[in-house]
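Participant: Below is the structure I would like to discuss, written out as structure tokens.
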Amino acid sequence: MISSFGYMTLALAFLLSLYGLVILIFGLIQKSQAFIESARRALVLIFPLSTAGILVLVFLLLTDRFDVAYVYSVSSKEMPAYLKLTALWGGQEGSLLFWSWLLSGFSLVFSSRKIRKESDLFPWAMLIAFLFLIFFLGLNVFLATPFERFWHFTDGGRVLSVFQPLNAWPLTPKDGQGLNPLLRHPGMIWHPPALYLGFVGFLIPFGLAAATLITKRRDGRWIELSRTWILIAWVFLSLGLVLGMRWAYDVLGWGGYWGWDPVEIAALMPWLSATALIHTALLQKKANGFQRWNLSLIILTFGLVIFGTFITRSGVLSSVHTFAGSNIGPAMFVIMGITSISGLGLLIYRWRDFGPAQEIEFGFSREVLTLFSNLVLLSILMVCFLGVVYPIFSDLLTGTQVTVGPAWYESITGPLFLLLLSLMGLCPLAAWGLTRVSKIRQGLTILLPMSLLVPLLIWLLGDVNDFYALTALWLAGLAVIVISWEYITAVRKALSRPDVKLPGVLWSPLQRNHRRYGGLLVHLGIVLMSLGIIGLEGLQQETQLRLEQGESASIGAYQYTFEGIERFTEAETTTTQAVLTILDQGQSEGALYPSREVYPNLGMAVTIPGVKSKLSLDHYAILVDWQPELPDEATFRIFVNPLVNWLWIGSGVLTLGTVVAVLPKSGKGKL
């Protein structure tokens, strides 16, 4: 059977990983290039085997093979093909297979010729890749295989097994349970793959860093080889976070996109440490310093990746994002412990082999501001980590799981985010080494006054009186003005040259220094994203009330009128949809359609917010309660979310900036 074939490909990939690890260890001990090359070829072969396994599972999903337990649990006949494909990572077993497949793909690219040239680093980094391939493929083979089928015996007993047990017959349900309704959203097509690409992508920098520690190589070559991988993993992790925010915004009915959920925070923490690493990697490149710091950051980042995976799959914390009924928690805890302890132990053991950080003269310089940015990012990370682990330790020590609420996170991280915004405005004004007074004066006398116009105009025209929101908008405005000024200055210099044309000169700064201006684009994207955060955290308005048909409610200048309820039934769902028309000072702005979808077969009800978007704000409504015996009344929760769409726009700018930053210097460049 095809499901058995899929399982055998994974089992063979697992055995090949074991072979590769053993033969590689022999090669390292005996210093045999033949054994090391044999291990590399085994690494290359794992990818086609895992690809065959994942293609088999996709085929089983698309052809409604409900005799396969995984297909039965995440798919149904009524689901469209794109949702059946999404179901590949909609459950525990399939998502682990997808993770293993990505891991084997990254390992394949990792064994490219450029990295193989580093004959001392490559074998040890390959050893790290084999260890994690063995672990994740082992989960697919022994603990969480997606290829188990239903079997029944003549005495009525049932069993799950990949292969047919003795005296057992296949059992094929007529239909499957279907994908969790919360996951039937376009964002879930891209959110898990992007997040997994971000997580798995950090394996290569981690492997190169571990190889550097083992070989005591002190030239910083690992950070040069890792730079593109770190940026690619970082941007995919960024996109994964943003797509998850969009899913939460459209599906969960929070009124926003971030609820300080433990799993959300677990994905944010490696993003914070990786962002710090990207910045201090520049310092290492400039002066070959900060080697210990960067090695610590990559170990921290990958350790947090494994920690986040453990949180999601162990069930130790309750979250809408976690996998229910997971049986791989102990295994994840073990690999998390081994990764963290071995990485930290190796760093401590080799600590003296790497020189201390270069001494930096304190003053207004890019080095000082970069280090200060690192401290702010890691401070936010520490707050997040303490908030996530506190419920775990409270449960262990007291038997009661005490969670930390959003107010606690926001009260501490809010000022830290303001510091980051201010640093994004100041950093472009600084130079490497102590900055000339003339450049600082230019920023203070021209750009700073220009930035003060931003909160002043918002206060006068936008009726915003919140001091913290105005401060944040001022800092964001300062950052946008400074970044734009840097680009305009570069274009003006290019225009001063003879024989230049305007369309080409606009692209000239990015061509001449794509890393710097790609980085500025990334910073601009983050600043634009901060506008969405400021709008939701500081300017959001909301109300909850019960309305009769024809009755209206007002928020600021907006009026919402309840026009009625519509009910309709489809194959799997019964939908109750309300209609709220919107007036802005008497002018129509369309309507909102908040709804509740009931899935009788699953015993679930899902609240779908009604959203009406424009560049400046979103109208957002939730149907909180409606009773059939009172068809002309309903309870609504209505929000006005200013600036929220700049979060999605900013993520696009951030992605564009990262693409520009990783472009090779010539068309012949390679990853």
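Participant: Hey, could you check the range 158-180 for residues that are in a loop (DSSP other than H, G, I, E, B) and aliphatic (A, V, I, L, M) and say which is farthest from Leu61 (Cα to Cα)?
Facilitator: Checked the range 158-180; the qualifying residue farthest from Leu61 (Cα to Cα) is Leu166.
Participant: So which residues in the range 249-264 are surrounded by fewer than 23 Cβ atoms within 10 Å (Cβ to Cβ) and assigned to a helix (DSSP H, G or I), if there are any at all?
Facilitator: Asp250, Val251, Leu252, Val263, Glu264, listed by residue number.
Participant: Which numbered condition in (1) of a type in the set (Phe, Trp, Tyr); (2) modelled with pLDDT of 90 or more; (3) under 30 Å from Ser342 (Cβ atoms) is the only one that Phe150 fails?
Facilitator: That leaves (3) as the condition not met.
Participant: Across the range 77-92, what is the total count of residues that are surrounded by fewer than 22 Cβ atoms within 10 Å (Cβ to Cβ) and either without any contact (Cβ under 8 Å) to a residue 60 or more places away in the chain or more than 26 Å from the chain's Cα centre (by Cα) (or both)?
Facilitator: Within the range 77-92, residues that are surrounded by fewer than 22 Cβ atoms within 10 Å (Cβ to Cβ) and either without any contact (Cβ under 8 Å) to a residue 60 or more places away in the chain or more than 26 Å from the chain's Cα centre (by Cα) (or both) number 5.
Participant: Quick one: count up the residues across the range 469-523 that are touching an Asp or Glu at 6+ places or on another chain (Cβ under 9 Å) and within 20 Å of Leu643 (Cβ to Cβ).
Facilitator: 2
Participant: Which of the residues belonging to the range 205-223 are of a type in the set (S, T, N, Q) and surrounded by 24 or more Cβ atoms within 10 Å (Cβ to Cβ)?
Facilitator: Result: Thr212, single match.
Participant: Another question, then. Being at pLDDT 90 or above and crowded, with 16+ Cβ neighbours inside 10 Å narrows it down to one residue among Val464, Val454, Val522; which is it?
Facilitator: None of the other options fit; the residue is Val522.
Participant: Go through Trp293, Trp260, Trp254 for me and flag whichever is under 18 Å from the mean Cα position of the chain (by Cα) and of a type outside the set (Ser, Thr, Tyr).
Facilitator: Exactly one of Trp293, Trp260, Trp254 is under 18 Å from the mean Cα position of the chain (by Cα) and of a type outside the set (Ser, Thr, Tyr), namely Trp260.
Participant: Go through the range 100-157 and give me each residue that's in a loop (DSSP other than H, G, I, E, B) and either outside the structural domain of Ile36 (by TED's automatic domain parsing) or among the polar types (S, T, N, Q) (or both).
Facilitator: Hits for the range 100-157 are Ser111, Ser112, Ser119, Thr145, Thr154.
Participant: Just for the range 1-30: of the residues that are closer than 18 Å to Trp124 by Cβ and polar (S, T, N, Q), which one is surrounded by the most Cβ atoms within 10 Å (Cβ to Cβ)?
Facilitator: Once the filter is applied, the top-ranked residue is Ser17.
Participant: Six or more apart or on different chains, Cβ under 6 Å: which pairs go from a residue in the range 326-345 that's under 18 Å from Ile128 (Cα atoms) to one that's among the aliphatic types (A, V, I, L, M) and crowded, with 18+ Cβ neighbours inside 10 Å? Could you list them?
Facilitator: Met336/Ile306; Thr339/Ile306; Gly343/Ile299
Participant: Additional query: Do we find that Ser613 is assigned by TED's automatic domain parsing to the domain that holds Gly564 and out of contact with any helix residue (DSSP H, G or I) (no Cβ under 7 Å at 6 or more places or on another chain) in this structure?
Facilitator: Answer is no for this residue.
Participant: Residues that are among the acidic types (Asp, Glu): which strands (runs of 3 or more DSSP E) entirely in the range 600-641 hold 2 or more of them?
Facilitator: In the range 600-641, 617-625 are the strands (runs of 3 or more DSSP E) which contain 2 or more residues that are among the acidic types (Asp, Glu).
Participant: Considering only residues that are closer than 28 Å to Pro642 by Cβ and of a type in the set (Ser, Thr, Tyr), which ones fall in the range 547-569?
Facilitator: Ser552, Ser554, Tyr558, Tyr560, Thr561
Participant: Go through the range 206-247 and report how many residues are among the aromatic types (Phe, Trp, Tyr) and in contact with a Ser or Thr (Cβ under 6 Å, 6 or more places away or on another chain).
Facilitator: Number satisfying all stated conditions: 1.
Participant: If I filter the range 67-82 for residues that are assigned to a helix (DSSP H, G or I) and farther than 20 Å from Arg149 by Cβ, do I get at least one hit?
Facilitator: Yes: the range 67-82 contains one or more residues that are assigned to a helix (DSSP H, G or I) and farther than 20 Å from Arg149 by Cβ.
Participant: Residue check: is Asp175 without any contact (Cβ under 8 Å) to a residue 24 or more places away in the chain and surrounded by fewer than 19 Cβ atoms within 10 Å (Cβ to Cβ)?
Facilitator: Taking the combined requirement at face value, the residue does not satisfy it.
Participant: Residues of the range 366-403 being under 23 Å from Tyr468 (Cβ atoms), among the hydrophobic types (A, V, I, L, M, F, W, C), in contact with a helix residue (DSSP H, G or I) (Cβ under 6 Å, 6 or more places away or on another chain) and free of Cβ contacts under 8 Å to residues at least 40 places away in the same chain, which ones?
Facilitator: Val383
Participant: Output the number of residues of the range 120-135 satisfying the condition of being surrounded by fewer than 18 Cβ atoms within 10 Å (Cβ to Cβ) and among the small types (Gly, Ala, Ser).
Facilitator: Looking only at that region, the number is 0.
Participant: Testing Lys117 on (1) under 27 Å from Phe35 (Cβ atoms); (2) more than 22 Å from the chain's Cα centre (by Cα); (3) surrounded by fewer than 19 Cβ atoms within 10 Å (Cβ to Cβ); (4) in contact (Cβ under 8 Å) with a residue 40 or more places away in the chain, one condition comes back false. Which one is that?
Facilitator: (4)
Participant: What pairs come up if the first residue lies in the range 554-579 and is farther than 18 Å from His619 by Cα, the second is among the small types (Gly, Ala, Ser), and their beta carbons are under 6 Å apart, counting only those six or more places apart or on different chains?
Facilitator: Hits for this filter: Ile565/Ala578; Thr575/Ser595.
Participant: Something else now. Considering each of Leu371, Leu377 in turn, give the residue that is at pLDDT 95 or above, assigned to a helix (DSSP H, G or I), touching a His at 6+ places or on another chain (Cβ under 9 Å) and within 24 Å of Ser273 (Cα to Cα).
Facilitator: Leu377 is the lone residue from the list that is at pLDDT 95 or above, assigned to a helix (DSSP H, G or I), touching a His at 6+ places or on another chain (Cβ under 9 Å) and within 24 Å of Ser273 (Cα to Cα).
Participant: Another question about this same structure. Which members of the range 584-642 meet the condition of being surrounded by 13 or more Cβ atoms within 10 Å (Cβ to Cβ), of a type in the set (Lys, Arg) and farther than 17 Å from Gln544 by Cβ?
Facilitator: Scanning the range 584-642 gives a single hit, Lys612.
Participant: Determine, yes or no, whether Trp474 is aromatic (Phe, Trp, Tyr) and at pLDDT below 85.
Facilitator: no
The values are calculated or read from the model by the stated rules, or taken from the named source; none is laboratory data. Only a predicted model underlies this, so the values are computations on that prediction, with no experimental measurement involved. Please note: Cβ atoms are built from the backbone with ideal geometry, for glycine as well, and neighbour counts cover all protein chains shown.
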